[in-house]
Structures are given as C-alpha cells and as structure tokens.
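Worksheet: one structure, shown below.
The values are calculated or read from the model by the stated rules, or taken from the named source; none is laboratory data. This one's a predicted model, so the numbers in the text were calculated from it and none came from an experiment. Neighbour counts are summed over all protein chains in view; Cβ atoms, including those assigned to glycine, are modelled from backbone coordinates with ideal geometry.
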Amino acid sequence: MQDNSVNNETASRVDAIIERIGRHPDMLVPVLQAAQEEFKYLPQDVMMSIAQGLNIPPAKVYGVATFYAHFTLEPKGRHIIRCCDGTACHVKGSMAIMDAIRSHLNLKEGQKTTADGNFSLEIVSCLGACGLAPVMVLDEKVHGQSNSKDALEIIKSCEEK
C-alpha cells in the first residue's frame with residue numbers, strides 16, 4: 001500500500017465500522033470482514049483507514065487481507081460464479097466448463113470480473129459437493145453434474161433477468 005490518502009467519506013464509514021466492532025488491534029479480522037461487506041471489496045484507502053483507526057501498520061492490514069482467501073482487493077461482479085476444480089470436479093470436466101464460461105463472458109487470461117461488472121468467475125479448490133461433480137455455484141445456488149452447455153444456459157438465464 002503506497003498511497004496514504006483517504007477521503008473523508010471513506011474514513012467516516014470505516015470509523016463507524018471500527019466504533020461498532022471495537023477499536024482494538026485484535027479486532028482487525030472482524031473489521032476487515034465488516035469493511036468488505038460495506039464496500040464489497042477492500043480498496044487501498046479502506047485498508048489505510050483501518051490501519052489508522054486501529055493504530056496498526058498498514059502492512060499488517062494488507063498482510064491479513066491478502067492471507068485469507070475470503071478477502072478480495074478487487075471489485076467483484078453483481079453475480080458471483082464459483083467453479084470447483086477439486087479432484088472430483090477436475091476429473092469430470094470442470095476445465096471445459098470454466099473455459100466455456102470464460103469465453104462466453106469474454107474474460108481474458110487473469111481477468112476475474114466482466115468489464116460491465118455483472119459477473120465474477122472464481123475458481124475454487126473445493127465446494128464440498130464432490131458427489132455432484134462437476135459443480136458450479138451461481139449466487140449461492142449450487143448446480144451439480146453440469147457440463148459446459150448447462151453452465152452457459154444457467155448464466156444466460158441469469159443475464160436475461
């Protein structure tokens with residue numbers, strides 16, 4: 001984190017979160033969780049404001065935010081697609097599903113969120129539904145025993161709504 005500037009609105013919103021949760025360095029993870037819920041991700045100015053509010057080094061905030069997979073430093077789309085690439089899903093064709101989704105959403109290599117901000121594609125190691133492999137989750141709804149065609153139909157249905 002290099003830029004130390006924090007706008008007043010961001011600082012006020014973060015300060016309200018810290019006041020609600022607790023102004024103690026041990027409350028860093030709950031504060032990060034609440035901030036991510038509030039801002040939908042953890043932008044640099046939010047993390048800087050958290051560091052100032054909890055009186056801890058910005059590097060510590062950044063280290064915790066990047067250590068836990070739950071936190072994201074990039075904006076996510078309105079709809080979150082999680083594709084499992086665990087062993088069972090991989091063996092049953094999850095790569096073809098992910099490739100079809102990337103192509104349909106026009107996601108380039110390394111890009112997770114569509115340009116219009118409608119969808120984010122996350123590849124996860126396990127969704128805990130190996131018996132339904134390959135598995136895809138769209139907005140918390142599990143779709144099991146999918147194939148590329150099924151996955152695209154589910155996404156197209158979501159696009160139409």
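Restricting attention to segment 109-152, the residues that are polar (S, T, N, Q), farther than 15 Å from Ser94 by Cα, surrounded by 15 or more Cβ atoms within 10 Å (Cβ to Cβ) and in contact (Cβ under 8 Å) with a residue 40 or more places away in the chain add up to 1. Within segment 98-127, the set of residues being within 16 Å of Ile155 (Cα to Cα) and charged (D, E, K, R) comprises Asp99, Arg102, Lys112, Asp116, Glu122. Counting the residues of segment 78-113 that are more than 20 Å from Asp150 (Cβ to Cβ) and under 16 Å from the mean Cα position of the chain (by Cα) gives 5. Exactly one residue out of Glu19, Glu37 is over 17 Å from the mean Cα position of the chain (by Cα) and either closer than 14 Å to Thr72 by Cα or free of Cβ contacts under 8 Å to residues at least 24 places away in the same chain (or both), and it is Glu19. Note on segment 21-53: residues that are among the aliphatic types (A, V, I, L, M) and in contact with a Pro (Cβ under 7 Å, 6 or more places away or on another chain) total 4. Checked against the criteria, Ala88 counts as hydrophobic (A, V, I, L, M, F, W, C) and either touching a strand residue (DSSP E or B) at 6+ places or on another chain (Cβ under 6 Å) or not assigned by TED's automatic domain parsing to the domain that holds Arg13 (or both). Among the residues that make up segment 8-20, is at least one of them surrounded by 14 or more Cβ atoms within 10 Å (Cβ to Cβ), assigned to a loop (DSSP other than H, G, I, E, B) and out of contact with any His (no Cβ under 9 Å at 6 or more places or on another chain)? Within segment 8-20, not a single residue is surrounded by 14 or more Cβ atoms within 10 Å (Cβ to Cβ), assigned to a loop (DSSP other than H, G, I, E, B) and out of contact with any His (no Cβ under 9 Å at 6 or more places or on another chain). Taken over segment 21-60, the criterion of being hydrophobic (A, V, I, L, M, F, W, C) and not in a helix (DSSP H, G or I) is satisfied by Leu42, Ile56.
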